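Structure record follows, encoded as C-alpha cells.
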Amino acid sequence: MAASLKTINDLVNDEIGQSFTVNALPALGAEITHIDLSRVLNHKDFLRVKQAFLDHHLLVFREQDITPQQHINFSRLFGPLQIHVLNQFQLQGYPEILIISNIKENNNPIGLGDAGAFWHSDLSYKEIPSLGSLLYARQLPEEGGDTHFADMHLAWQTLPAHLKNAVEGRQAEHTYIKKYAELQARSSWRPKLTAAQLEEVKPVVHPVVTRHPDTGLNTLFVNENFTSRIIGLPQDESDDLLVQLFAHSIKPQNVYVHKWQDNDLVFWDNRSVIHLAAGTPDHLPRKMYRTTVEGTSPLAA
Ligand code: AKG
C-alpha cells in the first residue's frame, strides 16, 4: 500500500539523514540549505542544527514548505513552547502559533501588526524568558518588512569599560506593559489587556549581564522594549544608562538585517540577540507565523 511504503521510505530517510550545509553569514547567523523541516530530523541532524544554532545565534532556513503542525513539531525539539499573552492573535487551532501581520479582515487585525516596533528579546518580561523564536514567512510585502538582529554577546564584549563597571552585578526590571501602553496610544487596534492578561505579565527582574546556559558566553541582557529600569539607581540615572546601553547594542557592526524571501523560516536565540521589525508600508500585506521556545531562568554572569 502506498501509505505504508511511504512510511518505510520515511524511516529509511530518517536513518540516512539529510545532507544539509551550514554557511555562516557575514555579521551574525548562518544559512542552512538543503534541509527539509517537514521531515522529522534524525538525532544526528538535530544535534548538528542545535550546534549551528549555538555557534551562530541565528539560523535561516530557506524554501520551507511546512504545515503549522510541522512548524510546532520542529520548534518543540528545542523545548516546550510558550503561548503569547495576546491570545486573540493565535492561529486558529494552534495556540502555539502567534500571527504577526498588518492584514485586517472586516476591519479587524488578524495578527499583531506592530510586533517588534522596538528592539527586544522575546518574552524577556517573563520569569522564564524565551530560548528562541521561529518566525516563518507566509506572505511578504514587495518592499520593506526586514527584520534586524543585534548580537548581544558582541555588545557586551565591546561595551566601554565605564559602562561595564556601571552595570556589572546589577539587575534590571523588565515589563510588558510600559511600551504596550505607548504602542496602544499610537494604534487604532491594539486591544486593552484584560485582568487575566495583566496577571500574566507582572514586571520581573533579571541580571543585566547574563551567562548563556549552553555556551557560557556573557550577554548584555537589556532591551528597549521591555527593560524599564536598573534596580538600585535613581530613575534619571537608570534612564540615562539604559539609553547608552541600547545605543551601543545596535551599532551597525553588531547587526544583521534579514531580507525575507518566500518561505524563509528564521530561528534566533533570544539569549544572544535582540531584534527589531523595521516596518512594512500599511498597504502591503505581510503575514508571519511565530512559535516561541521556553528557555530557563537567566543566569547572572
Ligand atoms: C517578534 O516576533 O518578536 C517580532 O519582533 C517580529 C519581527 C518581524 O515581524 O519581523
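What follows draws every value from the coordinates through simple rules; no lab data is involved. Note that the coordinates shown come from a computational prediction; the quantities given were computed from them, not determined experimentally. Reconstructed Cβ throughout: ideal geometry from the backbone, glycine too, with neighbour counts over all protein chains shown.
In this structure, residue 251 and residue 200 have a Cβ-Cβ separation that, at R0 = 41 Å, corresponds to a calculated FRET efficiency of about 0.75. Bridges between two residues of the chain, per DSSP, are antiparallel at a rate of about 95%.
When the Gaussian network model of the chain links Cα atoms closer than 10 Å, the mean-square fluctuations of 173, 105, 142 top out at 105.
Stretched out straight at 0.36 nm per residue, the stretch from residue 128 to residue 87 would grow longer than its current Cα-Cα span by 12.9 nm. The local environment of residue 123, defined by Cβ-Cβ distances under 12 Å, has a net charge of -1 under the rule Lys, Arg +1 and Asp, Glu -1. Please give every one of the aspartates and glutamates within straight-line cross-link reach of residue 259, meaning a C-alpha to C-alpha distance under 13 Å, and leave out same-chain neighbours fewer than 8 residues apart. Partners found: 31, 142, 143, 146. Largest mean-square fluctuation among 212, 56, 283, in a Gaussian network model of the chain whose springs join Cα atoms under 10 Å apart, belongs to 283.
Taking square-rooted eigenvalues a ≥ b ≥ c of the alpha carbon gyration tensor, is segment 243-301 rounded, prolate or oblate, where a/c under 1.5 means rounded and, failing that, a/b exceeding b/c means prolate?
Oblate shape, in that a/c is at least 1.5 and b/c is the bigger or equal ratio.
Extension gain for residue 261-residue 46 works out to 75.0 nm (0.36 nm per residue, less the C-alpha to C-alpha distance).
Normalised by 2.2 N^0.38 Å, with N the number of residues, the alpha-carbon radius of gyration of segment 154-259 equals 1.21. Each semi-axis of the equivalent ellipsoid for the chain is √(5λ) with λ an eigenvalue of the Cα gyration tensor; in descending order they amount to 32, 24, 18 Å. Just to verify a number: FRET efficiency for residue 36 and residue 94, C-beta to C-beta distance, R0 = 25 Å, to 0.05? Once the sixth-power term is evaluated, E becomes 0.75. For the listed peptides 125-131, 200-206, 222-228, a ranking on the average number of other beta carbons within 10 Å per residue, highest first, reads 222-228, 125-131, 200-206. When shorter helices are ignored and each DSSP H run of at least 4 residues is given -39500 (n - 2.57), the per-residue value for the chain at 222 nm works out to -8000 deg cm²/dmol. Between residue 118 and residue 142, the contour length at 0.36 nm per residue exceeds the Cα-Cα span by 6.4 nm. What does the C-alpha gyration tensor say about the overall shape of segment 111-166? Classify as rounded when a/c is under 1.5, otherwise prolate if a/b is larger than b/c, or oblate. Verdict is prolate for segment 111-166.
For the chain, the longest principal axis of the Cα atoms and the long axis of helix 177-186 meet at an angle of about 80 degrees. For segment 5-296, the relative contact order is 33 percent, taking Cα pairs closer than 8 Å that sit 6 or more residues apart in sequence and dividing their mean separation by the residue count.
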